[in-house]
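To start, the structure under review is shown below, and the notes come after it.
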Number of protein chains: 2
Amino acid sequence: MAVSTKPPSGTRDFLPAELFRRRHVVSIIERTYQRYGFVPLQTPAFENLPVLLGKYGDEGDRLVFRILRRGEALARVLASDEAGEGELADLGLRYDLTVPLARVVAQHRDLPRYFRRYQIQPVWRADRPARGRFREFFQCDADIVGAVGRVAEVEVCAAVIDALIALGFAQVTLKINHRALLSGLIAEAGIAAEAEATALTALDKRDKVGDDGVLAELAGRGIGDEQGRALLSLCTLPDAGGEPALAVARLGESLSTEAGRRGAAELGELFALLGATPAGTHAVFAPELARGLGYYTGPIFELAVPDLAGSLGGGGRYDGLIGMFGKADIPAVGFSLGLERILLVMEERKMMPAFAAGPDAVVCWMSQTRAAAIAVAHALRAENLAVEIYPEDHKLKKQLQYASSAAAKAVAIVGEDEAASAEVTLKHLATGDQRRVPQADAAAAIKAWS
Amino acid sequence: MAVSTKPPSGTRDFLPAELFRRRHVVSIIERTYQRYGFVPLQTPAFENLPVLLGKYGDEGDRLVFRILRRGEALARVLASDEAGEGELADLGLRYDLTVPLARVVAQHRDLPRYFRRYQIQPVWRADRPARGRFREFFQCDADIVGAVGRVAEVEVCAAVIDALIALGFAQVTLKINHRALLSGLIAEAGIAAEAEATALTALDKRDKVGDDGVLAELAGRGIGDEQGRALLSLCTLPDAGGEPALAVARLGESLSTEAGRRGAAELGELFALLGATPAGTHAVFAPELARGLGYYTGPIFELAVPDLAGSLGGGGRYDGLIGMFGKADIPAVGFSLGLERILLVMEERKMMPAFAAGPDAVVCWMSQTRAAAIAVAHALRAENLAVEIYPEDHKLKKQLQYASSAAAKAVAIVGEDEAASAEVTLKHLATGDQRRVPQADAAAAIKAWS
């Protein structure tokens, strides 16, 4: 019985050429986060299920990969009449990087008073795989835990914009809105506070389904056409000459709830401070931005580029999530970049540099010179060259063909003559340039070739 | 109901200080593997269960974490009478890095003729957690696929020894044996070929349980005392003045089976070639070394240090594994380093360098200078300094206390005077040295402090 050798549905094998591209992007993001004082964190691939469930909404709970109980615990469940999904599994795969951070902060009380952490790890969601949508994908998160003010919000926004600029994204839009402002707009439209989550969910789809789609969804949830149109009208950018702080101020003046006015005031402050950072020219006020996740409590962010439906990343303030773990409420704000989305755009736009995948040299040998060739290879490696020794006793022609197919920069041939005189014949594969040099000079000669 | 905020049993949160240590070790191993021409591979966290099962023995199969089926597929299994462990799960977490490599090689037929891959990723085993034994731990593997000769074996051995030397392990022993030689020794002892696996399993425990323990286990499996003693005597290093090639040759002369003589000949060749590499002085012949895993077919390796029970890593040749995926048999040899074991020894021996965990500077500000402070921080970051902006509107004393607790190198104070004159007051926290400089000179001044 042949076993399928494909990776599981929605997952990928990352071969070397693809990994060089992924690492290029990750290392630029990582170095940028480090310049903003973020320090690394890694959490386990799986969490106890109660840590994950109830944080992402019903849809999120359904998409968590669950791990079967083991041994006697599994036998007990199977023997009982209660063997449902809830009893059979005790662990779940990481679904995002925010909930594990919240758990870590609740658990480790000796963290810095203001904990700036970045985390770049895979997450897993049992979503239906589609083009660009995977079941295993990577998030690159930067969060500041412990601070309530605008500065922390400015820092995470500036960090992700700086990272994208370093990657070559000159044109990226940082959409900003505020959950309290949205709450005020929903109240202003005459929608009851109990229907706020429903209204947010419908509004979140405006980009995809248009105004009529939003109105239809609202109607289906019992929110009348008049209120729906009022909400859509309120959630439309006022004309303010492209000046977001001014647009926010204009909208804020019209609001009657305290939450709405507070949201507008905080956004005004945020836009003013962003002007002192690399994010300033990218930030726009997006009153229709709602963000799907339930745990946001203040400013919310999303990154858009013209040639991608969907976002490169998003984030916001979530002051209640850490308190869900039964410890003190601790404020937090963060931003998450989606690695796969960034790679998709960079490859389509040909923003990715070329990577030399081959070794600096392949060392070739004859039956009688195998040990001498091994010694030459180690001398080259001691000079920090990446070196393969051809592994089989084959004719030289075959060895040279392999070196060429492996995209090696050079071959280093240790024949009997070379071995006898402690020399090596070097050949630069791109130009055909060939020379015989003392073994001690070989590393420098290979390095001199471009 | 309070949810536990501990990581799941047998797993760990890696906080920044621990991650700096782990990355230090990983990056040295990675750079060494790269010098040997190995290129990176990453595979998904989970595999389809049939890929994993039947590769690690019964005990291994029991230790695979299994992922519950989802949605309708789960409902169908639960509704049937067949809801056992085998039906409830369709995926399993990665158990080692060798079987995923074998699957990748069987799947991707466009890989280089000789594929040198390294892979550094976590693996998961549902083992009982104990001191130094985790359910999530990292392996650092280097394998060469496609070559049958001794050179490939020499390369993986030299690569791991070179990596350990670069980490500071001067005293490490590379134990080497050969499955075919062992097979010959087992035959020579009068043990039937059918009992070979049993004999290997018992012999593998010699280190832990001693000769009497091995004899007891052999007796329990129906292998007589005389044969057991003969095997132990054969699997004892002949006196050869510490010269492994000589010891192997002496042992080989006494063997009557073809497999045994072939194993001895290959080992002799291997020891001779290792002499041309950094591994030469570390290699010893270990005729009692058996290695647990079933898939080895040729030379087998294990790394020992005096102050650790158990090994730092192991490997061997496995020419049959890739063929188990129903494609052509492809030869392969590899070595796996255990990251946690290496870290344990390095920390106990205090081999780990100190890492500066704090930022280069914390920027402090007053209520009126917040935007100016943000601009100063970004100017410092543009000079590649790691900079935090203090995130709250607090008294300067509290800001300085935080900078000190965060192990910052310096603080950069932007008060009203400084903002007005485009200056900044810098303070070096280790010495108390303080100076006021133009903002344009601040980065250079901070870099000049040690």
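The values are calculated or read from the model by the stated rules, or taken from the named source; none is laboratory data. Just so you know, these numbers come straight off a predicted model, no measurement behind them. Neighbour counts run over all protein chains shown; Cβ positions are idealised from the backbone, glycine included.
When B:L218, B:L164 are checked against the criterion of being modelled with pLDDT under 95 and crowded, with 17+ Cβ neighbours inside 10 Å, a single residue qualifies: B:L218.
Of all residues in region B:73-101, those satisfying the criterion of being more than 9 Å from chain A (Cβ to nearest Cβ) and under 24 Å from the mean Cα position of the chain (by Cα) are B:G92, B:R94, B:Y95, B:D96, B:L97, B:T98, B:V99, B:L101. Residue check: B:R435 meets all listed conditions (1) more than 10 Å from chain A (Cβ to nearest Cβ); (2) out of contact with any His (no Cβ under 8 Å at 6 or more places or on another chain); (3) modelled with pLDDT under 95 but one, namely (3). Of all residues in region A:282-303, those being of a type in the set (A, V, I, L, M), surrounded by 22 or more Cβ atoms within 10 Å (Cβ to Cβ) and over 20 Å from A:R229 (Cα atoms) number 3. Restricting attention to region B:27-59 and to residues that are within 20 Å of A:R21 (Cβ to Cβ) and more than 7 Å from every other protein chain (Cβ to nearest Cβ), the residue that is surrounded by the fewest Cβ atoms within 10 Å (Cβ to Cβ) turns out to be B:S27. Selection of region A:278-297 for residues being within 14 Å of chain B (Cβ to nearest Cβ) and farther than 19 Å from B:A379 by Cβ yields only A:A283.
Of all residues in region A:395-412, exactly one satisfies the criterion of being at the interface with chain B (Cβ under 8 Å from one of its Cβ atoms) and either β-branched (V, I, T) or exposed (fewer than 14 other Cβ atoms within 10 Å of the Cβ) (or both), namely A:S405.
Of all the residues in region B:344-374, those that are among the acidic types (D, E) and surrounded by fewer than 23 Cβ atoms within 10 Å (Cβ to Cβ) number 2. Do we have any residue at all in region A:340-357 that's outside any helix (DSSP H, G or I), within 35 Å of the chain's Cα centre (by Cα), among the charged types (D, E, K, R) and closer than 30 Å to A:E155 by Cβ? Yes, region A:340-357 has at least one match.
Is there a residue in region B:124-136 that is at pLDDT 95 or above, more than 23 Å from A:V3 (Cα to Cα) and either at the interface with chain A (Cβ under 7 Å from one of its Cβ atoms) or part of a strand (DSSP E or B) (or both)? Checked region B:124-136: at least one residue is at pLDDT 95 or above, more than 23 Å from A:V3 (Cα to Cα) and either at the interface with chain A (Cβ under 7 Å from one of its Cβ atoms) or part of a strand (DSSP E or B) (or both). Looking only at region B:380-394, decide whether some residue is away from chain A (no Cβ under 11 Å) and either touching a residue at least 24 places away in the same chain (Cβ under 8 Å) or surrounded by fewer than 16 Cβ atoms within 10 Å (Cβ to Cβ) (or both). The answer is no; no qualifying residue exists. If I ask for residues that are surrounded by 14 or more Cβ atoms within 10 Å (Cβ to Cβ), assigned to a loop (DSSP other than H, G, I, E, B) and either touching a residue at least 24 places away in the same chain (Cβ under 8 Å) or of a type in the set (D, E) (or both), which ones from region B:222-239 would you list? Those that are surrounded by 14 or more Cβ atoms within 10 Å (Cβ to Cβ), assigned to a loop (DSSP other than H, G, I, E, B) and either touching a residue at least 24 places away in the same chain (Cβ under 8 Å) or of a type in the set (D, E) (or both): B:I223, B:C235, B:L237. Against the numbered list (1) over 30 Å from B:L164 (Cα atoms); (2) without any contact (Cβ under 8 Å) to a residue 60 or more places away in the chain, B:V376 comes up short only at (2).
Results for (1) on the phi > 0 side of the Ramachandran plot; (2) at pLDDT 95 or above, shown as yes or no for each residue.
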{"position": "B:L273", "(1), (2)": "no, yes"}
{"position": "B:A279", "(1), (2)": "no, yes"}
{"position": "B:R291", "(1), (2)": "yes, no"}
{"position": "B:I300", "(1), (2)": "no, yes"}
{"position": "B:L303", "(1), (2)": "no, yes"}
{"position": "B:L321", "(1), (2)": "no, no"}
{"position": "B:A328", "(1), (2)": "no, no"}
{"position": "B:P331", "(1), (2)": "no, yes"}
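Here region B:326-339 is the region considered, the condition is being assigned to a loop (DSSP other than H, G, I, E, B) and aliphatic (A, V, I, L, M), and the residue that is surrounded by the fewest Cβ atoms within 10 Å (Cβ to Cβ) is B:A328. Of the residues A:G168, A:G149, the single one that is within 14 Å of chain B (Cβ to nearest Cβ) and of a type outside the set (A, V, I, L, M) is A:G149.
Here is a check on your reading of the model: is A:G316 within 14 Å of another protein chain (Cβ to nearest Cβ), in contact (Cβ under 8 Å) with a residue 40 or more places away in the chain, under 23 Å from A:I120 (Cα atoms) and outside any loop (DSSP other than H, G, I, E, B)? So A:G316 does not fit the description; no.
Checking the conditions here, which among A:R62, A:R21, A:R70, A:R12 is more than 11 Å from chain B (Cβ to nearest Cβ), over 30 Å from B:P391 (Cβ atoms), surrounded by fewer than 21 Cβ atoms within 10 Å (Cβ to Cβ) and not hydrophobic (A, V, I, L, M, F, W, C)? After applying the criteria, what remains is A:R21.
Please verify whether B:G323 is in contact (Cβ under 8 Å) with a residue 40 or more places away in the chain, over 29 Å from B:G242 (Cα atoms) and either out of contact with any helix residue (DSSP H, G or I) (no Cβ under 6 Å at 6 or more places or on another chain) or assigned to a loop (DSSP other than H, G, I, E, B) (or both), treating the condition exactly as stated. Reasoning before the result, please.
Working: in contact (Cβ under 8 Å) with a residue 40 or more places away in the chain: no; over 29 Å from B:G242 (Cα atoms): yes; either out of contact with any helix residue (DSSP H, G or I) (no Cβ under 6 Å at 6 or more places or on another chain) or assigned to a loop (DSSP other than H, G, I, E, B) (or both): yes.
Criteria not met by B:G323.
Residue count for region B:133-187 satisfying the condition of being closer than 20 Å to B:P306 by Cβ and without any contact (Cβ under 8 Å) to a residue 60 or more places away in the chain: 1. On the stretch given as region B:368-401, residues that are closer than 15 Å to A:A152 by Cα and in a helix (DSSP H, G or I) total 8. For region B:441-450, name all the residues that are surrounded by 12 or more Cβ atoms within 10 Å (Cβ to Cβ) and free of Cβ contacts under 8 Å to residues at least 24 places away in the same chain. B:D441, B:A445 - these are the residues of region B:441-450 that are surrounded by 12 or more Cβ atoms within 10 Å (Cβ to Cβ) and free of Cβ contacts under 8 Å to residues at least 24 places away in the same chain. Filter region A:244-277 for residues that are within 14 Å of chain B (Cβ to nearest Cβ), crowded, with 19+ Cβ neighbours inside 10 Å and not in a helix (DSSP H, G or I) and give the result. Within region A:244-277, A:A276, A:T277 meet the criteria.
If a residue has to be among the aliphatic types (A, V, I, L, M) and part of a loop (DSSP other than H, G, I, E, B) to count, how many in region B:186-221 make the cut? Steps first, please.
Our first condition is that a residue be among the aliphatic types (A, V, I, L, M); within region B:186-221, this holds for B:186-187, B:189, B:191-193, B:195, B:197, B:199-200, B:202-203, B:209, B:214-216, B:218-219.
This time we only want the ones that are part of a loop (DSSP other than H, G, I, E, B), so: B:189, B:191-192.
Adding up the residues that qualify gives 3.
A:I176: β-branched (V, I, T), within 14 Å of chain B (Cβ to nearest Cβ), outside any helix (DSSP H, G or I) and buried (at least 19 other Cβ atoms within 10 Å of the Cβ), yes or no? Spell out how you get there, then give the answer.
Numbers: β-branched (V, I, T): yes; within 14 Å of chain B (Cβ to nearest Cβ): no; outside any helix (DSSP H, G or I): yes; buried (at least 19 other Cβ atoms within 10 Å of the Cβ): yes.
When the stated conditions are applied, A:I176 does not pass them.
Being within 7 Å of chain B (Cβ to nearest Cβ) and part of a strand (DSSP E or B) is the filter; apply it to region A:102-123 and report the residue that is farthest from the chain's Cα centre (by Cα).
Initially, region A:102-123 is screened for residues within 7 Å of chain B (Cβ to nearest Cβ), giving A:103-104, A:106-108, A:112-114, A:116, A:122.
Okay, now just the ones that are also part of a strand (DSSP E or B), so A:116, A:122.
Details: A:R116: 17, A:P122: 8 Å.
Within region A:102-123, the match that is farthest from the chain's Cα centre (by Cα) is A:R116.
Note on region B:387-439: residues that are of a type in the set (G, A, S) and touching a helix residue (DSSP H, G or I) at 6+ places or on another chain (Cβ under 8 Å) total 5.
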